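Chemist: Next up is a structure, given as structure tokens.
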Amino acid sequence: MSLAITGLGMVSSLGHDVVSGCAAIRCGMARPVPLGLQVVSSGDEPGVESVVGFPIQGLTDGFVGLGLHVLLVEEALKDLLLYSELTGADSRFWWDTAFFLGLSGARTPEQDLLVEQLQERLLPAVSRRSGLGFSPRLQKVLVRGHVSVLAAMAEAGEAITSGQVQRALIVGVDSLTSDLEALEMLAMKGRLKTPERAVGFMPGEAAVALLVEDPAQARRRGARVEARVEALRVGRGDGAAPSMRLVEVLEGTLARATRIGDVYGDLNGEESRAMEWGTLLARLPADSVLAEARSHWPAVSLGDTGAASGGVSMAVATRSFERKYARGDEILVWSRSDDGAVASGLLVRP
């Protein structure tokens, strides 16, 4: 199974479009700011300090819940339409396009209602506000956290291969910066990077939109193919030992590779993810397909963007082909959710 990426859209703390956002990530830029949560600090001047994160200042200020997610998805879709030179005028085009939406599950018991609202109301609201008419039977919400985008790609590939749809629009959206109760619980669990804890993640927020289709169909309609997606592997958060789940999925993807030039992955500052990635590296021979690969971790620039993170990696990797700074013709992308689910895939230069 091979998928052609023919459209990109992104909104993040480094830009409201995929071109400037990916360029800023390549440059190593970051815009961390203090968030509303304060934690105890026992440094040179004991007291309290703010947790630092990566909100999209000037866009999401004052937005929460459903309204925040609608805004983020709408901005990502606007960018995709502009980037891909598409409009909503071709109603048949969008009616034949499957719409996959990737979300994260509830991080606190209080978020259960929000996740339920997003599953029921986000897709209809986005379709209505964007003017894009999607067939109700071709819409699906995946609450898979960080692996949502890659898992959606795998399902989209099956649907396209079987002839159910011609193409798929895949959107990942998340915000870890706006819910203070969730931030407080994450801090209490020792997962956030704070003045007292150097090992942990910094919250971010983003939305990414990807348009994928059959390569032959893309060529027939004259679309610009920017990358091909191959060797997708998705594993659930059960079965193998936690330290081996990522290894098993990545080994399946790497078996299809010849020489990988770059890796875009889901390291976010938490020790468990680093240990799992390190376990894979320790198992590889010296002359493996990853021997000369450069590693890139988008969370360094954007913080942990949850369900959008896989899409961020895909977008930045795809732009590296377009801008010709990719090291080779193959790029490894991998994601890992909080529940232990893992996914990986190869991006191949078209």
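Chemist: Which residue fluctuates most in the GNM of the chain (Cα springs below 10 Å): Ala317, Ala241, Ala151?
Modeler: Answer for the Gaussian network model of the chain: Ala241.
Chemist: Relative contact order of the chain, please, whole-number percent, based on alpha carbon pairs below 8 angstrom and at least 6 residues apart. All intermediate terms of the calculation are to be shown ahead of the outcome.
Modeler: Values: 794 pairs, mean separation 86.5, N = 350.
Relative contact order, the chain: 25 percent.
Chemist: While we're looking at this one, here's another question. Only bridges whose two residues both fall in the stretch 192-350 count here: according to DSSP, what percent of them are antiparallel, nearest 5? Don't skip to the end; give the middle numbers.
Modeler: On the way: 14 of 22 bridges.
Rounded to the nearest five, the antiparallel share is 65 percent.
Chemist: Using Cβ counts within 10 Å as a stand-in for footprinting exposure, how do Tyr325, Tyr264, Tyr83 rank, fewest first?
Modeler: Neighbour counts put them in this order, fewest first: Tyr325, Tyr83, Tyr264.
Chemist: So for Leu66, Leu211, fewest C-beta neighbours within 10 Å to most, what's the order?
Modeler: Values: Leu66 15, Leu211 22.
Ascending Cβ contact count within 10 Å gives the list Leu66, Leu211.
Chemist: With charges set only on the Cβ (+1 for Lys and Arg, -1 for Asp and Glu), what does the dipole of the chain come to about its Cα centre, in debye to the nearest 20?
Modeler: On the way: 35 positive and 43 negative charges, 256 e Å.
Approximately 1220 debye in magnitude.
Chemist: Going by how many other beta carbons lie within 10 Å of each one, how would you line up Glu251, Glu110, fewest first? It would help to have the intermediate numbers written out before the result.
Modeler: Working: Glu251 15, Glu110 12.
Taking fewest neighbouring Cβ atoms as first place, the list is Glu110, Glu251.
Chemist: Could you give the DSSP H helices of the chain that reach 24 angstrom or more along their long axis (alpha carbon positions) and whose average Kyte-Doolittle hydropathy is no lower than -1.0?
Modeler: Those that clear 24 Å and a mean of -1.0 are 65-84.
Chemist: What nm distance separates the two modelled labels at Ser295 and Asp61, each placed 7 Å from Cα along Cα→Cβ?
Modeler: Using points 7 Å along Cα→Cβ, the separation is 3.8 nm.
Chemist: Of all DSSP beta bridges located in the chain, what percent are antiparallel, nearest 5?
Modeler: Details: 40 of 60 bridges.
About 65 percent, rounded to the nearest 5.
Chemist: Another one. Once Lys and Arg get +1 and Asp and Glu get -1 on their Cβ, which of Thr279, Tyr325, Ala255 lies farthest toward the positive end of the dipole of the stretch 227-348?
Modeler: Tyr325
Chemist: Would you mind calculating the relative contact order of the stretch 227-348 from Cα pairs under 8 angstrom and at least 6 residues apart, reporting the percent as a whole number? Mind dumping the intermediate values first?
Modeler: On the way: 211 pairs, mean separation 54.1, N = 122.
The normalised contact order for the stretch 227-348 reaches 44 percent.
Coordinate-derived values only; no laboratory data. Everything quoted here is computed from the prediction, not taken from an experiment. Every residue, glycine among them, receives a Cβ derived from its backbone with ideal geometry; neighbour counts consider all protein chains shown.
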